[in-house]
Every structure is written in C-alpha cells, then in structure tokens.
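The values are calculated or read from the model by the stated rules, or taken from the named source; none is laboratory data. Quick caveat: nothing in here was measured; it's all calculated off a predicted structure. Here the Cβ is made from the backbone with ideal geometry for all residues, glycine too, and neighbour counts use every protein chain on show. Just so you know, the surface numbers come from the protein's heavy atoms only, side chains and all, with ligands and any DNA or RNA stripped out. Shrake-Rupley method; radii C 1.70, N 1.55, O 1.52, S 1.80 Å.
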Amino acid sequence: MRTIPSSELIINGDGSIFHLHLKPEQLADVVILVGDPGRVALISEYFETKECEVANREFLTVTGTYKGKRMTVMSTGIGIGNIDICVTELDALANIDFATRQVKPEFKKLTLVRLGTSGAIQEDIEVGEVIFSRTSLGFDGLISYYAGRDSVCDLDLERAFMEHTGWYEKLPAPYFVDADKALYDLFKDSTREGITIAAPGFYAPQGRWVRLQPHDLDLNKKIESFKFGDRRITNFEMEGSALAGLASLMGHRAATICTIIAQRVAKDACTDYKPFVRRMIEMALDKLATL
C-alpha cells in the first residue's frame, strides 16, 4: 500500500491538514461550500449547536448541527484552484489515516454542496431564480491534470460544444461533468435544472470587456445558442466544474446550486441579492437535513 510522502500531503504540527487547518474529527459527512467567508457566518446562524470554528486565509469552517443533522460549512474563496485544494483536503480528512499516511480500508463518501451566486445567459431566467447545475461545464482545464478524466466526463457533449463554438485550440479543452443524481432528485422540486459554466476568471473568460478585449467577442452568443437535445447552457460561475469533476473521480456526492444575481443577456445586475441568497440557504439546509 502506498505511503503518501509528507511533501504530497502536508500535515501541520497540531495534526490538522495544511490549508484548511482542520482535523479529521472536525469534519461532518455533509459539507456546504461557499465562496465568501461572510456567508459561513450567515449559514451557521441557523445551526442549533456549533462544535468548532476554524480559520486560515480565506478558508473559514464551522461544524455544527441543523435540525439534528451534523454539517460543516466552509468558505473556499474564489476560483477553481481553491476548489482543487478544498476538495482534495476534505477527501484526505475523510479517507487518509494521518498516522500512517495511507488510504483507510473503508471509504467514507462525503456530500459536497456548493451554494453560490451566478449570472444567467438565457433571457428567460430571472434574477432571484435558483439554478441546480445538473451538468457543470469547465473552461479551466483542471480535471485534465488527473488520471481518469474521460471516465467522468460527457464526451459527446464536449465534442458537440467544441464544434458549435469553433473552440479556440489554445484555450483549455472544455469538459462536462454531471452532478450526483441523488442530489439532483433531492433538489429538483425547488430549483431550475441547467448546464452551468465554471470560468477561470470573472472578466474575459465570462465574455466581459473592460479594457482588455476578449479573444472571441461572439463566444457568449455561441454559448447562448448551443443546444444538446432539449438542453442548453444556463449560467456562469467560477467553481462548479472542479467540484463536480474531483468529487466524481474520488467517489463523493457533489452538486452546485446558485442564485441568479445578474442577467447577462439583459446586461442587468442586482447588488441587493442577500434576500435571494438567504432563501436559497434555508431551502438547502432543510433538504440536506433529510439525508
């Protein structure tokens, strides 16, 4: 059995994992992931009990109970790279014996649900709606660094999308990964199903033009017009593809759910979106408490 070197899995002197500063016993099996550390405080307000609060850099974690269900809520910060850190270290907390640095004989499956905000790219999707990313589309290329990439991706969707958009060959190859089906079934009566793009940036990767012009000025129009059967691409965010891809490769359940706070087609945005986010949080907590 492989023993993981200390350079590959860094454990702090207090027995916590390197970036998250969590110890294995501080992690619940149900984990809510958010970008903003302030949203951790918002969600943990609903907890009846809190057993720990741990902070390091942008990673703030609270573990407690909601309606008797033990849960962890954690901030990841912004972007795909941070998701790579968070999901890998969460899996290590659950499935690596820190004393021996070896994989535990019994696998623990985590439930990882990202609650985020997003911009709609279809004109009939309104600000305030909640999108369940039944499929995540990654523009970041992260999953291609891992063995087994094709086994968790929808290769037919990839080919159709690249052909439709005339995908620029110097960009990372896009990839499509489905959310966990059980989580889709759990949330489908309270959300709108969609295909969500996770972009590796907020500006040009999402078609925004401030001072630097995007390489393909028509890419968002091509994305909006893409159809695969009766499915279409619904919204942009910045983390879901890595979450879906890594969780699928590792054997965890994962999903991304986002409140729409901007209408990219209408070029409109809502800055007072907290009531919409709170409504999403309450819905998600109630659903996850039933697992």
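The charge dipole of region 1-102, taken about its Cα centre with unit charges on the Cβ atoms of Lys, Arg (+1), Asp and Glu (-1) only, comes to about 120 debye.
Region 141-245 has equivalent-ellipsoid semi-axes of 23, 17, 14 Å, by the square roots of 5 times the alpha carbon gyration tensor eigenvalues, sorted largest first. Size descriptors for region 239-280, from the alpha-carbon set: Rg then Dmax equal 14.2, 39 Å. Look at the alpha carbon pairs under 8 Å that are at least 6 residues apart: their mean separation over the length of region 1-128 gives a relative contact order of 28 percent.
Residues in the chain average 47 Å² of solvent-accessible surface per residue, probe 1.4 Å, ligands and nucleic acids excluded. Between the listed residues 284, 30, 63, the Cα displaced farthest toward the positive end of the dipole of the chain, a dipole computed from Cβ unit charges relative to the Cα centre, is found at 63.
Farthest towards the positive end of the charge dipole of the chain, among the residues 152, 244, 86, is the Cα of 86, using unit charges on the Cβ of Lys, Arg, Asp and Glu.
Dividing the C-alpha radius of gyration of the chain by 2.2 N^0.38 Å, with N its residue count, gives 0.99. Of 65, 117, 259, the residue with the greatest mean-square motion in the GNM of the chain, using alpha carbon springs below 10 Å, is 65. Placing +1 on the Cβ of every Lys and Arg and -1 on the Cβ of every Asp and Glu, with nothing else charged, gives region 146-291 a dipole about its Cα centre of roughly 400 debye. Just the protein heavy atoms count here, and of the accessible area of the chain at 1.4 Å, carbon and sulfur take up 51 percent.
Its relative contact order, with pairs defined as Cα atoms under 8 Å and 6+ residues apart, puts the chain at 23 percent. For region 43-124, the Kirkwood radius over C-alpha pairs fed into Stokes-Einstein at 37 °C and 0.692 mPa s yields D = 219 µm² per second. One chain, two ends: residue 97 and residue 123. Fully extended at 0.36 nm per residue, the span grows by 4.4 nm beyond their Cα-Cα distance. Sequence-distant contacts, meaning Cα pairs under 8 Å at least 6 residues apart, place the relative contact order of region 142-258 at 33 percent. Estimated from helical segments only, the mean residue ellipticity of the chain at 222 nm is -8000 deg cm²/dmol, where each DSSP H run of four or more residues counts as -39500 (n - 2.57).
Size check on region 118-171: the Cα extents along the three principal axes, sorted descending, read 38, 24, 19 Å.
Its Cα gyration tensor gives region 172-214 an equivalent ellipsoid; the semi-axes, largest first and in whole Å, are 30, 13, 6. For the peptides 193-203, 158-168, 237-247, the ranking by packing is 237-247, 193-203, 158-168, with the highest mean count of neighbouring Cβ atoms within 10 Å listed first. Taken along the Cα-to-beta-carbon direction at a fixed 7 Å, the label points for residue 218 and residue 265 span 1.9 nm.
Listed highest first by mean packing, meaning other Cβ atoms within 10 Å per residue, what order do 75-87, 205-217, 278-290 come in? It would help to have the intermediate numbers written out before the result.
Details: 75-87: 21.5, 205-217: 13.0, 278-290: 16.5.
In decreasing order of mean packing, 75-87, 205-217, 278-290 become 75-87, 278-290, 205-217.
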